[in-house]
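Participant: Below are the structure tokens for one structure; questions will follow.
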Amino acid sequence: MKANASLFINGRWVQGKGERFTSLNPATAQRIWQGHSATGSQVSEAVEIARNASGRWCDMTLEQRQSYILRFTELLKEYSELLADTIGQETGKPLWESRTEITAMIGKTDISIRAHKERCPTRIEHGPQGDQVLQHKPHGVVAVFGPYNFPMHLPNGHILPALLAGNTVVFKPSELTPRCAELMLHLWQKAELPDGVLNLIQGNSETGKALASHQGIDGLFFTGSAVTGQLLHRQFGGQPEKILALEMGGNNPLVITPVHNLKATLHDTIISAFISAGQRCTCARRLLVPDSDWGDHFVDKLVQRCRKIRIGAYNGDPQPFMGTLISTQAADSILTGQQKLIQNGASVRLETQLQNSAGTLLSPAIIDTSAVGTLPDQEYFGPLLQVIRYRSFDAAISSANDTSYGLSAGLFSDDREQYEHFKRHIRAGIINWNRPLTGASSAMPFGGCGISGNHRPSAYYAADYCAYPVASIESSSPCLPDKLSPGLEL
Ligand code: UN1
């Protein structure tokens, strides 16, 4: 297999000069991409090129910048099937779901344009001291770090608002999804985005470190795990004047109460825990159910339904609900996690098992951890749901809050007052009532409390991190005040 020209710098495709790396189709273990990491000096080159392109890009009007984004969006529509197929091949995500990723990406354009206008307005107020003018300026060069679970939609959610605001970008995708990143950049190239405005560097954690610690970047936007986010924070460290916005994982609780509509609640619980094979930062990791006959009944039904979930290759026919995990390591860590919980006294309601020879396809796991003394505060990034029994609603809330994360949380309840109480006391950036934890709105702020993130760099509020407000007080000619300050004479 020929090495791919893995980097896109200054409008040209070039080979990385660092270590070779590959990406695999997780369903077949076949290699689908190979190329070389960017070296430190190639990362520096990308940053310098982005710096050089910055002046011209931010001097354009918003409408001009917007026109490139609209052109890119048209190409997303035109190539949507190719894009979805590439996501499926490289991540293992079923085709129907990869298609929803492209739809979400297309929807991001209007949201980003609206958010930019609403969050970064230009305003003039006439006052006695002159005109008070509010405007927003871009930071300059920003680094975007993308995750593998939404290899196109999530970095796109940082890139679009950054470009609209007038920044230039160096994009470092996950090393597990280089092909998805490459395809995205091909579309930007086809959209004739000016050279140097969006650059792609690829590679492993060394490449990431070279970018995060580069003094030439003015901001860093990241979506990914808490461990990597904390690492980037250290690498970027000591630069309080710059913007570092992190959107990280969660150990998300879903609290169930005896609701009327059992079927819908079971459906939404399955979506919450097992969509994308549990590889979404918003997925439910802990299911809090009443310690009662109703609670037992609910878990029994859930187990029954989950046994029937169809799993398989991304392009299987009929379509699976759950595809593979991203890699054998990812599947191993779920199997090990399940094993450790069992050793600590958890009881298995539904055991996850490996289903393919590539070592990536897992069936769903439902583990009752009520008897485990202290649960590890860990984000199991896969199809592993921990059940916890609660005795009172307040105990459920306190158990739900017993985590240093705080991304998404949910409640199933027929009682609005109970929900209002939940909303007041739960610690999470995204709260859901009678709906799945996943599928958070892109038209709302997206991010969490605690180690789930330090800001809301994604979705609607992304605009806030892409530009800074400047206040100017303006008068077309100087004029003396009616009364001079004491002690002054002219
Ligand atoms: C999810 O909730 O499953 O645009 C991910 C965004 C979010 C991502 C949601 N809507 O950033």
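Every number here is computed from the coordinates shown, using simple stated rules; none is lab data. Just so you know, these numbers come straight off a predicted model, no measurement behind them. With ideal geometry, Cβ positions are generated from the backbone for all residues, glycine too; neighbour counts draw on all protein chains shown.
Participant: Grab every C-alpha pair in region 109-237, bin the distances at 5 angstrom width from 0 up to the longest one, and report whole percents.
Facilitator: Spelled out per bin, shortest first, that is 2, 10, 19, 21, 18, 12, 8, 4, 3, 2, 1, 0.
Participant: Give the value in nm², to one decimal: projected area of the alpha carbon convex hull of region 1-40, averaged over all directions.
Facilitator: 3.3 nm²
Participant: How far, in nm, would the chain grow between Q230 and S475 when pulled straight, counting 0.36 nm per residue and subtracting the alpha carbon separation?
Facilitator: Here the answer is 83.6 nm.
Participant: Across region 236-355, what fraction of all alpha-carbon pairs, as a whole percent, falls in each successive 5 Å bin from zero upward?
Facilitator: 2, 9, 15, 20, 19, 13, 9, 5, 3, 3, 1, 0
Participant: Separation between the T103 and N10 pseudo-spin-labels, each 7 Å from Cα along Cα→Cβ, expressed in nm?
Facilitator: Between T103 and N10, the label points sit 4.3 nm apart.
Participant: Hey, how much of the P(r) for region 116-166 falls beyond 14 Å, as a percent of Cα pairs?
Facilitator: 63 percent
Participant: Still on this structure, please answer the following. Each label point is 7 Å from the Cα along the Cα-to-Cβ direction; what then is the distance between the points at Q30 and R391, in nm?
Facilitator: The answer from the label model is 5.7 nm.
Participant: If I take R0 = 41 Å and measure r between the Cβ atoms of E417 and N344 in this structure, what FRET efficiency does the formula 1/(1 + (r/R0)^6) give, to the nearest 0.05?
Facilitator: The value I calculate is 0.65.
Participant: With a Förster radius of 25 Å, plug the Cβ-Cβ distance of E81 and Q319 into 1/(1 + (r/R0)^6) and report the FRET value to the nearest 0.05.
Facilitator: The value I calculate is 0.95.
Participant: Just order 326-336, 415-425 by mean Cβ neighbour count inside 10 Å, highest at the front, would you?
Facilitator: With the highest mean Cβ count within 10 Å placed first, the list reads 326-336, 415-425.
Participant: Output needed for region 297-346: three equivalent-ellipsoid semi-axes, defined as square roots of 5 times the C-alpha gyration tensor eigenvalues, in descending order, whole Å.
Facilitator: Here the semi-axes work out to 24, 20, 5 Å.
Participant: Reported to two decimal places, what Rg/Rh ratio describes the chain when computed on Cα atoms with Rh from the Kirkwood expression?
Facilitator: 1.03
Participant: How high is the FRET efficiency from N434 to K308, r the C-beta distance, R0 30 Å, rounded to 0.05?
Facilitator: After rounding to 0.05, the efficiency reads 0.80.
Participant: Let me ask something else about it. Based on the mean of other beta carbon atoms within 10 Å per residue, what is the order of 338-349, 49-60, most packed first?
Facilitator: Going by the mean number of other Cβ atoms within 10 Å, highest first, we get 49-60, 338-349.
Participant: Between rounded, prolate and oblate, where does region 11-122 land on the alpha carbon gyration tensor, with a ≥ b ≥ c its root eigenvalues, rounded for a/c under 1.5, else prolate if a/b exceeds b/c?
Facilitator: Judged from the Cα gyration tensor, region 11-122 comes out oblate (a/c at least 1.5, b/c at or above a/b).
Participant: Taking each full run of DSSP H in the chain as one helix, which ones are at least 27 Å long along their axis (Cα atoms) and have mean Kyte-Doolittle hydropathy of at least -1.0?
Facilitator: Once both thresholds are applied, what remains is 40-59, 95-119.
Participant: If packing is taken as the average number of other Cβ atoms within 10 Å across a peptide's residues, how do 26-33, 427-434 rank, most packed first?
Facilitator: Those peptides, ordered most packed to least, come out 427-434, 26-33.
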